[in-house]
């Protein structure tokens with residue numbers, strides 16, 4: 001297991017969170033664990049955007065779009081550093097094991113445009129769109145102004161990543177023939193199963209106090225609700241608009257992961 | 001406490017909806033869903049999943065079933081990421097056709 005150590009980067013710009021003395025130690029510890037895990041996950045996700053760059057080139061996407069994705073690599077790394085600063089402010093060391101660094105699939109079984117749409121829908125229209133709803137909610141509940149600033153910066157970037165996904169779908173999906181749209185619909189089953197698995201750990205996490213949420217602790221039930229709401233009211237109708245059978249794919253995914 | 005959380009949740013969801021909406025259709029849809037928190041979202045049909053005709057389209061129903069299953073983790077903290085997208089599986093073409 002590789003370790004991510006961002007102590008040096010975090011020390012360059014120390015963060016001060018007002019009001020920490022009013023937070024009980026156990027609640028601070030819960031928030032600290034979350035920020036440390038988040039630091040590693042955000043940093044690791046830079047590789048996902050890096051893998052999209054050659055795929056976008058193969059698909060003949062414009063320079064402007066590719067350059068935006070190249071910028072996203074650095075944005076995710078910066079999020080890791082922002083999280084590291086919060087970890088230090090909460091009294092921890094910004095050092096953590098990397099999560100498993102799975103490769104981004106190249107989808108060589110289909111044409112380049114369809115291949116890149118699979119990944120862009122998973123990343124931009126699912127993961128990052130849900131992230132905007134989650135971080136947007138978290139930002140509203142943040143206590144210290146310095147923490148709000150951190151979340152504002154992260155939220156601003158996540159919004160760019162989600163918007164990129166939706167714009168690319170708007171541009172490329174209409175060029176697909178009906179067979180390709182149906183195949184992409186089948187891929188959506190995998191994408192939604194993956195989203196459910198990715199967010200399912202929220203179900204094991206307890207509800208926490210407003211005080212704990214104000215410094216970044218995660219409320220499991222609230223976050224699960226936001227995930228399901230976002231997929232059902234944003235992602236599914238958003239994809240259906242482009243003729244992709246997202247509603248059927250969601251039903252198939254739910255049936256698959258929920259059968260007991 | 002719940003009112004504050006609900007207000008924050010609505011705001012977060014509205015932000016996400018605005019990104020997906022080119023022309024406002026999705027934002028309007030999400031806003032409608034939020035105004036009826038206990039109702040299924042617009043266009044979100046229930047999925048029959050457990051052989052007893054039980055619909056599992058909303059977050060609470062799904063949570064109950066998923067809680068008793070050992071869901072595989074994806075080596076990444078939920079919420080933060082994004083994780084690497086999944087691979088395609090050929091059998092999903094037939095699976096989608098069954099839902100038609």
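The values are calculated or read from the model by the stated rules, or taken from the named source; none is laboratory data. Please read these numbers as outputs of a predicted model, since none were measured by experiment. Cβ: placed from backbone, ideal geometry, glycine included. Neighbour counts: every protein chain shown.
Of the helices (runs of 4 or more DSSP H) contained entirely in the stretch A:8-127, those carrying at least 1 residues that are modelled with pLDDT under 95 and closer than 29 Å to residue A:238 by Cβ fall at A:25-44. Residues that are out of contact with any strand residue (DSSP E or B) (no Cβ under 6 Å at 6 or more places or on another chain) and over 15 Å from residue A:126 (Cβ atoms) number at least 1 in the following helices (runs of 4 or more DSSP H) confined to the stretch A:179-260: A:210-213, A:220-230, A:246-258.
Residues that are surrounded by 22 or more Cβ atoms within 10 Å (Cβ to Cβ), more than 7 Å from chain B (Cβ to nearest Cβ) and farther than 30 Å from residue A:117 by Cβ within the stretch A:219-243 comprise just one, A:219.
One residue alone among A:150, A:123, A:132 is buried (at least 24 other Cβ atoms within 10 Å of the Cβ) and under 18 Å from residue A:82 (Cα atoms), and that residue is A:132. Within the stretch A:192-204, the residues that satisfy the criterion of being under 18 Å from the mean Cα position of the chain (by Cα) and without any contact (Cβ under 8 Å) to a residue 60 or more places away in the chain are A:200, A:201, A:202, A:203.
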